[in-house]
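Working notes for the structure below.
The values are calculated or read from the model by the stated rules, or taken from the named source; none is laboratory data. No experiment lies behind these values; they were computed from the predicted model shown. Here the Cβ positions follow ideal geometry from the backbone for every residue, glycine too, while neighbour counts run over all protein chains shown. All accessible areas refer to the heavy atoms of the entire protein, side chains included, with ligands and DNA or RNA removed. Shrake-Rupley method; radii C 1.70, N 1.55, O 1.52, S 1.80 Å.
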Amino acid sequence: MYADSALSLIVPLCVIALVFITRRVVLSLFVGIVIAGFMIGFHTQSGFTESLVYSLRYIFEKIVDVFYNMDDNADGLRIEVSNLYVFGFLFILGIITQVISHSGGISAFVKWARNRVKTARGSEFLAFIAGIVIFIDDYFNALTVGQLSKSLNDANKSSRERLAYIIDSTSAPICILMPISSWGAYILGVMATLDGKQDFFTLLSSIWGNYYAWFALLAVFLTIAWQINLPTMQRNVNVGVKDFLDTKQKASSNIALLIVPIVALILFVGFLILYSGYMASNSLNIIDMLANTETSFSLFWGGLFALIISVIISWKHLDTQSFLPIFKIGVASMIPACLILVFAWSIGPVIKGDLQTGIYLANVAKEFLEANSLNAHVAIPLVAFLISGFIAFCTGTSWGTFAIMLPIGLSISSVNSVEFSLVMSAVLSGAVYGDHASPISDTTILSATGAGCSVQSHFVTQLPYVSISAFVAFIGFGIASLLDSLIIGYIVGILLMVAIFWWLKGKYNQRLNIA
């Protein structure tokens, strides 16, 4: 509808501006849906009354579509089971957290860990390592690492915003660098539609040129090692954290009451991810299984099994009067994240499908490259990185950006005799950066949820760090394409990253003011 018009940018830019101005993500997303509804209603209908009625119905339907919608191929309503599974998993995770807290498992873990991990740096490195180990899926990574790490982070005076940054900037980069993950399987699925470019080795070759993912991980490492707190990180400390003091005041019992539920969660979800993929593909090939897995199904049922085990082992440590508070507080703690997800999932299809923002930006990039007599070998990877980043930033989805930009990147690189693997790396890098930088990204929302902080505070505190990584990645792509050497791009990029963060260490190596 707006694929050929800059008007397609109005909604995402308004939402992003409102997040900065109002500091209210839900309100900003809702206003974006309303603006889109009126844009589409008054564009497609004739007459004021008809346009107004259509716009209001459109707004209502887009929000309701998160839960169920009309299926053109069947009678009646089609329930969005996968979305309901994610909501259910979030509620289960909130309840598990309260069970562990009320049983004394969190206090026991903190007491045990403080004898071994006594600094903020140590607890943050624990989260970083856990994020690298749990690479099979970014949703699973973000929520599980948060549950494992936040109590220790609290005890060692590290903010939830720092934890959210560590989680977010570890989960997506490590997932995209590991071909044996849900991300790798999805990318292979997109590549299967590209003539002659669907093989596993093409994906492997793109990994070595994925500058942003590698530099994002390096940025997290340096930020932890040198305890760099940029001004936004200093101004936003534990925003929206309600259980910060409560979890420290619970009487300790046994560390197994925390470890066993987390391990059970990892094992059950990991098993179900592979099992659901096997049932759908009828293949024992791990790539086939991951390509056909049902992540939301696996999260919900794996989480439910872990909750059952958590209640069983904690039973003798729980007061019968605590069951209702456990349920109420656990569910209530996840309602803000679910509400944000509802509006994020509502506006995503609007921006991507109805307004066609991604297609407009991709077409602009293609026309720019074809119309300008630039050195294609140098320009194409750089433009692919920038446009992919902007599409993901505006739409809040890196996976959607992959689907839009990989076919375009292949066609442009083929026409101009440019190595596709480098263009592919640029697309993947830009999409992950845009996803990190976007306040409407589901991974941004879930990373904040896992860490237990405000989505808005996570967004503004992470943005400077990831933007530094993106800037250095852009330089790396320019050098690699100009000199036809990934290694030189890495050498220059790593030196530049270390130099920038060393300078930031001297300027912003300050402890956070945490009571």
Applying the selection to the stretch 159-181, what residues are at pLDDT below 85 and open to solvent by less than 10 Å² (accessible area, probe 1.4 Å)? Cys175, Ser181
Helices (runs of 4 or more DSSP H) enclosed by the stretch 394-458 - at least 2 residues per element that are in contact with a His (Cβ under 9 Å, 6 or more places away or on another chain): 442-451
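Being in a helix (DSSP H, G or I) and not hydrophobic (A, V, I, L, M, F, W, C) is the filter here; which residues of the stretch 484-507 pass it?
Looking only at the stretch 484-507, we keep the residues that are in a helix (DSSP H, G or I), and these are 486-507.
Selection gives Gly489, Tyr490, Gly493, Lys505, Gly506, Lys507.
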Quick one: how many residues across the stretch 330-369 are open to solvent by less than 30 Å² (accessible area, probe 1.4 Å) and outside any helix (DSSP H, G or I)? 1
Consider Val427 against the criteria (1) among the β-branched types (Val, Ile, Thr); (2) at pLDDT 90 or above; (3) open to solvent by 10 Å² or more (accessible area, probe 1.4 Å): it satisfies all of them except one. Which criterion is unmet? (3)
Mind checking whether some residue in the stretch 93-111 is of a type in the set (Phe, Trp, Tyr) and open to solvent by 20 Å² or more (accessible area, probe 1.4 Å)? no
Scanning the stretch 184-215 for residues that are surrounded by fewer than 14 Cβ atoms within 10 Å (Cβ to Cβ) and not in a helix (DSSP H, G or I), which turns out modelled with the highest pLDDT? Ala192
How many residues are closer than 21 Å to Ala437 by Cβ and either open to solvent by 10 Å² or more (accessible area, probe 1.4 Å) or in a loop (DSSP other than H, G, I, E, B) (or both) if we restrict to the stretch 1-24? 13
Only residues that are assigned to a helix (DSSP H, G or I) and crowded, with 20+ Cβ neighbours inside 10 Å: list them for the stretch 272-295, please. Leu272, Ile273, Gly277, Met289, Leu290, Ala291, Thr295
Identify all residues within the stretch 459-491 that are open to solvent by 50 Å² or more (accessible area, probe 1.4 Å) and under 16 Å from Ala426 (Cβ atoms); write none if there are none. Phe471, Phe474, Ile475, Leu482, Leu483, Asp484, Leu486
Asn238 - would you say it is at positive phi, at pLDDT 85 or above and not basic (Lys, Arg)? yes
Would you be able to tell me the number of residues in the stretch 148-158 that are open to solvent by 20 Å² or more (accessible area, probe 1.4 Å) and modelled with pLDDT under 85? 2
Which of the residues spanning the stretch 216-225 are open to solvent by 10 Å² or more (accessible area, probe 1.4 Å) and either of a type outside the set (A, V, I, L, M) or without any contact (Cβ under 8 Å) to a residue 40 or more places away in the chain (or both)? Phe221
Return the total of residues in the stretch 413-464 being more than 23 Å from Leu299 (Cα to Cα) and in contact with an Asp or Glu (Cβ under 8 Å, 6 or more places away or on another chain). 5
Within the stretch 431-458, track down each residue that is open to solvent by 10 Å² or more (accessible area, probe 1.4 Å) and among the small types (Gly, Ala, Ser). Gly452, Ser454
For residues that are farther than 19 Å from Gly277 by Cβ and among the hydroxyl-bearing types (Ser, Thr, Tyr), scanning just the stretch 296-329, find the one that is surrounded by the most Cβ atoms within 10 Å (Cβ to Cβ). Ser310
Would you call Asn141 over 14 Å from the mean Cα position of the chain (by Cα), more than 15 Å from Val220 (Cα to Cα) and open to solvent by less than 10 Å² (accessible area, probe 1.4 Å)? no
